[in-house]
There are 2 protein chains.
Amino acid sequence: MKFQLESKDIQSKARAATITTDHGVIETPIFMPVGTVATVKGVHQSELKEQINPDIILGNTYHLYLRPKTDILEQAGGLHKFMNWDRNILTDSGGYQVYSLSGRRKIKEEGVKFKSHIDGSTHFFTPENVMEIQRTIGADIIMAFDECTPYPCEYNYARNSMHMTHRWLKRCINHLEKTPLKYDYNQTFFPIVQGSTYKDLRKQSAEFIASVEAEGNAIGGLSVGEPAEEMYEMTDVVCSILPEDKPRYLMGVGTPINILENIALGVDMFDCVMPTRNARNGMLFTAHGTINIKNKKWENDFSPIDPMGITDVDTQYSKAYLRHLFASKEMLGKQIASIHNLGFYLWLTREARKHIIAGDFLDWKNKMVHQMNKRL
Amino acid sequence: MKFQLESKDIQSKARAATITTDHGVIETPIFMPVGTVATVKGVHQSELKEQINPDIILGNTYHLYLRPKTDILEQAGGLHKFMNWDRNILTDSGGYQVYSLSGRRKIKEEGVKFKSHIDGSTHFFTPENVMEIQRTIGADIIMAFDECTPYPCEYNYARNSMHMTHRWLKRCINHLEKTPLKYDYNQTFFPIVQGSTYKDLRKQSAEFIASVEAEGNAIGGLSVGEPAEEMYEMTDVVCSILPEDKPRYLMGVGTPINILENIALGVDMFDCVMPTRNARNGMLFTAHGTINIKNKKWENDFSPIDPMGITDVDTQYSKAYLRHLFASKEMLGKQIASIHNLGFYLWLTREARKHIIAGDFLDWKNKMVHQMNKRL
């Protein structure tokens, strides 16, 4: 993996860069659409490419491990071939999903025992086997196995958990070195900073993570319920420590506003289920605020979904039509809204990049944050 | 509307023709995808055009009347504009849906009182108001209001119902003459032959329907549970009476085999929810038989969904991937299967047309019926 810093904003810590892997170039800042179980929900791979156009998408190790299972992915020749996606893929490590399974999992030094949300069967994730699973899935960027702490989190728990995540990181690295690549392209490994919402822990964790000198670094354990201000504070502390010449990935974030604010703090990569999940509930993100398309007020609004026309669906269909699809519980409503929201998220990070390069990022960001905060 | 007979098969009653309306040319035989409530379920209008490519689709008066309601369609400027579909549309009359509401409707000479399947509210359909509703929806081809009898149906009930359908037809025609067009294009009216599975009634009904000299004619009340042989017998009787120089539309039919057999009997137009409904249950139609993609046998079959590649999805995705999407209850599975099945249905009627024109329809039809009867 090659990371090339292209432009740094003078008024903020925002930066524009390119990451180059065997599956192509990733222009940052970037939002990575979430393809949980080898599909970005409701969106064809062709639409993803042609309408939304991300350089990289995300898959979930936990979900893919359970379905279709790693042996099927191995027989397919990896996730890229299985789902017919020839650009970059990043897989998370399953840490976050395991955290979400509270009550159905037990975390120990050795690893995490958990029950499948599908059939209740028992499984065991360790730093070692999660590296092997990610070798088999075959993403371009793979993540360390970590514990994601909840919010709020007791200081002592957060500290102990962080240290365990650091010990797990060493085990991940040791095991990866012994685990050969499965396919004919490289995989890059990102460790994850933890430390809950405690500045001193975040600092300590960022220093430790930086010290392993991975090719890129991630910030985990945020966007789990804490106020946005606390998130920004943590990102700021961590980004000031993580090396500048490597990509920074803030996991699971967030709203369009969260994304812009974190770009301003030096984050390069994002992922979140929000654009697709909210789309399926009829919530649209636009440059001028959010729309609840289920509201009766759109019933006879025959104007385009979004006159900006970022994706084809934005101008092909009217608000009244999209509202009708939601009122009638028609699949096409979710499909259209998903394309719209992802198109908007990718537009947003592309625009951020343009403005960083043009040197007027901060003004633009402040204007956008103000605009996007409205409900239409 | 203009109907041009282009080619007649010598060995069967199959024919190839073109129908020209203000929304373009319809090459027959044709299968019309069903867009119940202003959407072909799970399929974008752009995919419908580019991948499936039908000259005409169908909307359901009953469903559109309830949602989005006729006033919204009127404000939109008709169904074409509302759903962004600039090719032909045919609307049924609601007769079939009302028939399906058994227990929630009361049929009288004046019309049908029924309860909405959505909120239980009471509504009244008459031949007159159904014509007005269809004027407002604004389809290119609109249907008479009829009673669709169940199968089996007592002879006396079938006869009385048929006579009522004939009386309703007169009321439809009288009222249409008094009801001006709402939009800047023409609408063509098709009456419907009824008579259950009784040859003498079908004959009588076909003669009556032919006598009103409409621009096209439809056959209703079939594909409601009767054996295929009885359906073919009825189609045969009716097609021998309905005028040759006008299109013949067999409503609600059917399997790919039903379609080919009825083309051989002189039918030009078809519609059915089967390709999309079965798709959503994981059943794929192919030229070599049907596939239940949920079966474990496809789990590691990485060959294309359909090597014939009629639509892009057929070769973009593997059987194993599609099976995984169904196993994981992912929307994309239903989307892919719907495009595949509709693409196949449209391919089938286009091929039928080619073979009618080439003069080898019967041999091809017999081969296809044999092939498609398999389970893969």
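The values are calculated or read from the model by the stated rules, or taken from the named source; none is laboratory data. None of the values given here were measured: they were computed from a predicted structure. Using ideal geometry, Cβ is built from the backbone for each residue, glycine included, and neighbour counts are taken over all protein chains shown. All accessible areas refer to the heavy atoms of the entire protein, side chains included, with ligands and DNA or RNA removed. Shrake-Rupley method; radii C 1.70, N 1.55, O 1.52, S 1.80 Å.
Quick check on my filter: what residues within segment B:1-50 are outside any loop (DSSP other than H, G, I, E, B), β-branched (V, I, T) and in contact with a Ser or Thr (Cβ under 9 Å, 6 or more places away or on another chain)?
B:T18, B:I19, B:T21, B:V25, B:I26, B:T28, B:I30, B:V34
Report the residue count in segment A:39-51 for those that are in contact with a helix residue (DSSP H, G or I) (Cβ under 6 Å, 6 or more places away or on another chain), of a type in the set (S, T, N, Q) and surrounded by fewer than 24 Cβ atoms within 10 Å (Cβ to Cβ).
1
Yes or no: segment B:161-172 includes at least one residue that is in a loop (DSSP other than H, G, I, E, B) and not basic (K, R).
The answer is no, given that none of the residues of segment B:161-172 is in a loop (DSSP other than H, G, I, E, B) and not basic (K, R).
Does segment B:244-257 include one or more residues that are of a type in the set (K, R), surrounded by fewer than 21 Cβ atoms within 10 Å (Cβ to Cβ) and within 24 Å of B:T91 (Cβ to Cβ)?
yes
Any idea which of B:G59, B:G95 is within 17 Å of the chain's Cα centre (by Cα) and within 14 Å of chain A (Cβ to nearest Cβ)?
Exactly one residue qualifies, and that residue is B:G59.
Out of A:F82, A:F125, which single residue is more than 23 Å from A:S338 (Cα to Cα), in contact (Cβ under 8 Å) with a residue 12 or more places away in the chain and not acidic (D, E)?
Selected residue: A:F125, the only one of A:F82, A:F125 that is more than 23 Å from A:S338 (Cα to Cα), in contact (Cβ under 8 Å) with a residue 12 or more places away in the chain and not acidic (D, E).
Kindly indicate whether any position in segment A:243-252 is under 17 Å from A:M372 (Cα atoms), more than 12 Å from the chain's Cα centre (by Cα) and in contact (Cβ under 8 Å) with a residue 60 or more places away in the chain.
no
Please count how many residues of segment A:192-202 are within 22 Å of the chain's Cα centre (by Cα) and within 10 Å of A:V237 (Cβ to Cβ).
The total comes to 3.
If I go through segment A:292-309 residue by residue, how many of them are small (G, A, S) and buried (at least 17 other Cβ atoms within 10 Å of the Cβ)?
Adding up the residues that qualify gives 0.
Within segment B:67-92, count every residue that is more than 9 Å from chain A (Cβ to nearest Cβ) and small (G, A, S).
The qualifying residues number 1.
Tell me, which strands (runs of 3 or more DSSP E) lie completely within segment B:267-376 with 1 or more residues that are without any contact (Cβ under 8 Å) to a residue 12 or more places away in the chain and within 14 Å of chain A (Cβ to nearest Cβ)?
By residue number, no strands (runs of 3 or more DSSP E) qualify.
Being of a type in the set (D, E, K, R) and more than 23 Å from A:R202 (Cβ to Cβ) is the filter here; which residues of segment A:157-188 pass it?
The answer is A:E177, A:K178, A:K182, A:D184.
Return only the number of the condition from (1) over 17 Å from B:N217 (Cα atoms); (2) assigned to a helix (DSSP H, G or I) that B:T149 does not satisfy.
(2)
If you go through segment A:312-326 one residue at a time, do you hit one that is in contact with a Gly (Cβ under 6 Å, 6 or more places away or on another chain), under 24 Å from B:A76 (Cα atoms) and surrounded by fewer than 21 Cβ atoms within 10 Å (Cβ to Cβ)?
Yes, the conditions are met somewhere in segment A:312-326.
Select, from B:T36, B:T20, B:T28, the only residue that is touching a residue at least 24 places away in the same chain (Cβ under 8 Å) and either within 12 Å of chain A (Cβ to nearest Cβ) or surrounded by fewer than 22 Cβ atoms within 10 Å (Cβ to Cβ) (or both).
Only one candidate qualifies: B:T36.
Identify, by number, the condition in (1) closer than 23 Å to B:V98 by Cα; (2) crowded, with 19+ Cβ neighbours inside 10 Å that B:L260 doesn't meet.
Of the numbered conditions (1) closer than 23 Å to B:V98 by Cα; (2) crowded, with 19+ Cβ neighbours inside 10 Å, the odd one out for B:L260 is (1).
Considering only segment A:281-290, state which residues are open to solvent by less than 70 Å² (accessible area, probe 1.4 Å) and under 13 Å from A:G333 (Cβ atoms).
A:G282, A:M283, A:L284
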